[in-house]
Each structure stands twice: as structure tokens, then as C-alpha cells.
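Working notes, structure below.
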Amino acid sequence: MKDVIVIGAGMAGLICAQKLKQAGLDVTIVEKSAGVGGRMATRRLQGTWVDHGAQLISVKSDSFGRFIRKLTEKHIVQEWTRDVYQLSASGLFPPDADNRHTRYCCPMGMTAIAKYLGSELAIINNTRIIGVNHKEAQWQLVTDRQDILETKAIVSTIPAPQFLPLFEEVLAAAPSFLQALQSVKFAPSVTIMAGYNASNSVPMEWQAIRCVNDPILDWISYDSSKHAEKAVQPVFVLQSTAEFAKQSMEEPDLEIAGKPLLNQAGKLLAKWLASPEWWQVHRWRYAIAEESLGVSCLSTSIPLSLVCAGDWCAGKNIEAAYHSGLAAAESAIELLK
Ligand SMILES: Cc1cc2nc3c(=O)[nH]c(=O)nc-3n(C[C@H](O)[C@H](O)[C@H](O)COP(=O)(O)OP(=O)(O)OC[C@H]3O[C@@H](n4cnc5c(N)ncnc54)[C@H](O)[C@@H]3O)c2cc1C
């Protein structure tokens with residue numbers, strides 16, 4: 001039997017497992033995908049890396065700043081831009097002085113951080129947790145391979161709306177814990193990764209744009225500028241507004257779901273953005289926490305030791321997931337004492 005099973009190999013799960021391992025506990029991560037990183041997601045396309053989840057890293061706290069500095073020294077992370085431009089009906093504008101600060105990226109894609117963190121951890125990939133029971137002093141996690149994994153404590157780092165259907169029944173005796181999780185709401189997003197002919201005139205002045213008050217487009221990244229010296233063609237990432245994603249989430253044809261984003265970028269910014277040489281669509285049902293809980297993590301010992309963590313506990317970004325993962329490790333260590 002394991003001391004702790006961590007569900008999910010995103011930022012929160014990986015940093016949590018690393019800390020638990022450093023504390024001498026026997027810990028394993030179970031991850032449904034083939035890779036690691038969760039919403040810090042990178043796709044290998046046309047010989048290059050394209051980030052289709054998190055686009056950049058911002059740093060607020062000193063401790064996260066130290067973590068990012070360490071990754072910068074290892075050449076996993078680098079400075080990307082200080083300026084997120086704003087695009088509105090009145091045009092494209094650079095940020096005002098208050099909003100100029102360093103944003104970081106990974107030249108080999110956001111998953112590079114997760115690969116680094118996970119390199120010395122025990123991770124079971126391609127395995128989804130589909131159910132949970134408890135027997136005497138142990139949890140039993142049921143996987144989609146019909147395996148039963150036994151553990152003294154669980155740290156779940158999956159978005160709250162995905163956690164609830166799995167754990168609602170076993171947490172019937174912890175109603176306030178359940179109520180807190182039920183209050184967490186997530187917004188969806190549609191993401192386009194698109195590559196263009198190298199002859200198109202690519203902007204030099206911006207790497208990232210936030211679209212203001214647009215019904216379709218929320219964000220545009222000049223993704224290939226993250227590794228400009230290796231890029232063979234300009235690649236852009238477009239992200240939709242939550243409202244647009246809600247309408248197109250059930251559209252069976254991915255091209256139909258994604259095409260309006262390309263058309264809108266062509267209309268708002270440059271005509272050629274509507275006509276890429278190649279493009280792919282990814283839909284995120286649980287992209288960004290709309291309302292987070294305002295706590296670093298949630299823990300209970302009823303019926304057994306369980307901690308919930310993730311960006312949605314304390315915020316909506318990579319830094320929030322990092323802090324939540326660390327807090328979850330401390331909480332699990334305390335519960336196991
Ligand atoms: C489109 C998009 C753009 C974003 N842009 C930014 C940005 O620019 N900057 C920023 O800081 N943040 C951004 N974010 C948010 C950022 O990606 C997240 O805050 C952060 O990655 C969350 O990490 P996490 O570990 O909490 O959760 P996740 O990364 O979601 O990790 C959860 C993991 O659990 C796994 N999992 C789920 N269910 C199961 C199951 N039943 N069994 C086993 N495994 C399971 C998932 O596969 C996943 O790997 C963006 C997110 C999206 C989607």
C-alpha cells in the first residue's frame with residue numbers, strides 16, 4: 001500500500017508529489033494522459049512545439065519567483081515578453097507602464113517544466129481514476145484498467161467539477177467539504193494552433209495580445225516567437241472567449257467549432273491570419289477557474305485522509321497551482337502523522 005496517491009500530473013500534482021517524496025513518503029502519481037503537464041500543454045506539430053494550454057508564466061510571489069529563476073538557470077524557462085498588447089474596436093495598443101512586467105515561456109513548450117518535475121517521480125500514465133472506495137484504514141482507487149490502487153492518503157489535483165462525480169458518494173459524511181467543491185466553477189475555451197506561410201509579414205512589436213470586449217477572441221499568441229531561432233514558419237495560437245466556447249463545445253465538427261476564431265483574427269488584425277497553411281483545434285471543457293475558493297487547498301480526514309488541490313483553490317493560473325500543490329503536500333504530511 002502507498003502512503004499517498006496523487007491524482008493528476010499537472011503543476012499542482014507534480015510539485016506536491018516532489019515535496020512528499022522529499023519528506024520520505026512513498027508516493028505515486030496517476031495520470032489519465034500519455035504525458036505530463038495537464039493544462040500546461042504542448043503539442044508537437046510540423047516539427048515544432050506549440051503551447052495549446054497555458055501561454056505564459058507570470059510571477060507574483062518571491063517563492064514562485066525563486067522556482068522560476070531555478071528553471072531559467074536550467075534553460076527550461078526564459079523571458080518572453082514584458083508587453084501584453086490590447087486589441088479593441090479602437091485598435092491595437094501597448095500596455096500602460098503599470099502593466100509592463102516580465103512574462104516567461106518555455107522555448108521547448110510548457111510541458112518542459114512538467115517533464116523536469118516528473119523526471120524522478122513514480123508516475124502511472126494512461127490511467128484514469130474512475131471510482132473510489134474505502135476499506136478499514138485504506139482508500140481503494142479504481143482505474144479504467146480495472147486495477148485497484150490502495151493508499152493511506154489521496155491528493156486529488158483534478159478540477160473540482162471532475163472530482164465531484166468520483167468522490168461525492170464516499171464524502172457523504174463530509175457535507176461542508178462537498179459544498180466548498182460544488183461552488184467552484186470553470187469556464188471552457190477553444191484553442192487554435194495555426195501555421196502560416198513564411199512570406200506573411202509577421203509583427204515585430206508584439207508577442208501576445210489580449211482582445212478586449214470581443215465576443216469570439218480572447219487571446220492571440222505569436223507562439224513561434226518563443227523559439228524564434230528554430231522556427232521554420234510563423235505559428236500563432238488563438239484562444240476563444242468562454243461565451244464562444246460554451247456555444248461551440250458540443251459542435252461535433254472541430255473545424256466548424258474553430259473556424260470563427262481564424263476568421264475573427266483575420267478581421268481584427270491581419271487578413272492572412274484567416275488562411276493558415278495548417279491548423280488544429282483543441283477544446284478545453286475545464287480551462288480556467290471562474291471562481292476559485294480562496295484557500296490554498298482543502299483537506300479532510302472523513303472518511304480517510306484526502307486533500308484537494310489545484311489552481312482553482314487559490315486562483316486561476318500556474319502560480320496558483322504551484323502554491324496549492326505545495327500546501328497540499330504539507331496538509332497530507334500532517335494528516336498522515
Ligand atoms: C487555454 C488555457 C490557457 C491558459 N493560459 C494560462 C496562462 O497564460 N498562464 C497561466 O499561468 N495559466 C494559464 N492557464 C491555466 C493553467 O494552465 C492552470 O492554472 C494550471 O496548469 C493548472 O494546473 P493544475 O495542476 O492545477 O491542473 P491541471 O493542469 O488541470 O492538472 C490536472 C491533471 O489531472 C489529470 N486528470 C484529470 N482527471 C483525471 C482522472 N480521473 N484520473 C487521472 N488523471 C486525471 C489531467 O489529465 C491533468 O493532467 C491556462 C489554461 C488553459 C486551459
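Just so you know, all these numbers are worked out from the coordinates, no wet-lab data involved. Because the structure is a prediction, the values reported are computed rather than measured. Please note: Cβ atoms are built from the backbone with ideal geometry, for glycine as well, and neighbour counts cover all protein chains shown.
Taking H placed 1.01 Å from N in the peptide plane, check which residues at least 5 places from H134 or on another chain put their amide H under 5 Å from its amide H.
Q140
If you stretched the chain out fully between R69 and Q179, how much longer would it get, using 0.36 nm times the residue separation minus the C-alpha to C-alpha distance? Working shown, then result.
Details: separation 110, 0.36 × 110 = 39.60 nm, distance 3.78 nm.
Extending this stretch completely gives an extra 35.8 nm.
Counting only residues 5 or more places away or on other chains, whose amide H sits under 5 Å from the amide H of E277 once H atoms are built in the peptide plane?
Those qualifying (amide H under 5 Å, at least 5 residues apart or on another chain) are G195, Y196, N197.
What length, rounded to one decimal in nm, is gained on full extension from M249 through to K230, with 0.36 nm per residue of separation minus their alpha-carbon distance? Working shown, then result.
Numbers: separation 19, 0.36 × 19 = 6.84 nm, distance 3.40 nm.
Contour length minus the Cα-Cα distance gives 3.4 nm.
I need the per residue convex hull volume for the range 1-140, using only the alpha carbons, in cubic angstrom as a whole number.
Taking only Cα atoms, the range 1-140 has a hull volume of 174 Å³ per residue.
Could you give log10 I(q)/I(0) at q = 0.12, 0.14, 0.21 Å⁻¹ for the range 227-337, computed by the Debye formula over C-alpha point scatterers of equal weight, without solvent?
-0.66, -0.77, -1.06
With the crude spin-label approximation of a point 7 Å out along Cα→Cβ, what separation in nm comes out for N99 versus A122?
So the two model labels end up 4.7 nm from each other.
Calculate the length of the line joining the C-alpha centroid of the range 145-203 to that of the range 215-284, in whole Å.
Cα centroid of the range 145-203 versus Cα centroid of the range 215-284: 23 Å apart.
Suppose the chain between D26 and N133 were pulled fully straight at 0.36 nm per residue; how much longer would it get relative to their current alpha carbon spacing? Write out the running numbers ahead of the final one.
Values: separation 107, 0.36 × 107 = 38.52 nm, distance 2.03 nm.
In short, 36.5 nm is gained.
May I ask for the angle, rounded to the nearest 10°, between helix 62-73 and the longest principal axis of the chain, with both axes built from Cα atoms and the value confined to 0 to 90°?
For 62-73 against the chain, the angle is about 60 degrees.
Report, to the nearest 10°, how far helix 254-268 tilts away from the longest principal axis of the Cα atoms in the chain, using its own Cα long axis and a range of 0 to 90°.
Between helix and principal axis, roughly 50 degrees.
Net charge near I220, counting Lys/Arg +1 and Asp/Glu -1 over other residues with Cβ under 12 Å of its Cβ?
Details: positive: R210; negative: D214, D218, D223.
After counting each charged neighbour, the total is -2.
Express the Stokes-Einstein translational diffusion coefficient of the chain in µm² s⁻¹, to the nearest whole number, given a Kirkwood radius over alpha-carbon pairs, 20 °C and a viscosity of 1.002 mPa s. Write out the running numbers ahead of the final one.
Working: Rh = 20.9 Å.
Approximately 103 µm²/s, per Stokes-Einstein.
Of the candidates V212, V84, V30, which one comes out as most mobile in a Gaussian network treatment of the chain with C-alpha springs shorter than 10 Å?
Per the Cα network of the chain with a 10 Å cutoff, V212 tops the list.
Normalised by the residues of the chain, what does the relative contact order come to in percent, with Cα pairs under 8 Å and at least six apart? Don't skip to the answer; put the middle values down first.
Values: 752 pairs, mean separation 71.8, N = 337.
Reported relative contact order: 21 percent.
Dipole magnitude of the chain about its Cα centre, charges +1 at Lys/Arg Cβ and -1 at Asp/Glu Cβ only, in debye to the nearest 20?
On the way: 32 positive and 34 negative charges, 108 e Å.
Dipole magnitude for the chain comes out near 520 debye.
I'd like the Kirkwood hydrodynamic radius of the range 62-132, using the inverse of the mean 1/r over distinct C-alpha pairs, in Å. Walk me through the numbers before you get to the answer.
Values: mean 1/r = 0.0652 Å⁻¹.
In the range 62-132 this quantity evaluates to 15.3 Å.
Return, ordered by residue number, the residues of the range 185-218 whose backbone nitrogen is under 16 Å from a label point located 7 Å along Cα→Cβ of W272.
Counting only backbone N, you get 194-206.
Averaging sequence separations of C-alpha pairs under 8 Å and six or more residues apart, then dividing by the length of the range 11-87, give the relative contact order as a whole percent.
On the way: 34 pairs, mean separation 11.4, N = 77.
Relative contact order of the range 11-87: 15 percent.
Taking GluC sites (Glu not before Pro) as candidate sites, keep only those in a DSSP loop with at most 14 other Cβ atoms within 10 Å, then name the longest stretch of the chain containing none of them.
Segment 1-119 is the longest.
Over the Cα atoms of the range 80-201, each weighted equally, I'd like the Debye log10 I(q)/I(0) at q = 0.09, 0.21 Å⁻¹, rounded to two decimals.
-0.52, -1.34
Once amide H atoms are built 1.01 Å from N in the peptide plane, which residues 5 or more positions from K185, or in another chain, come under 5 Å H to H?
The list, which skips near neighbours in sequence, is E290, E291.
Show which lysines lie in cross-link reach of K19 when reach means a straight Cα distance below 23 angstrom and same-chain residues fewer than eight apart are skipped.
By straight Cα distance, K19 reaches K2, K32, K60, K70, K74, K115, K152, K316, K337.
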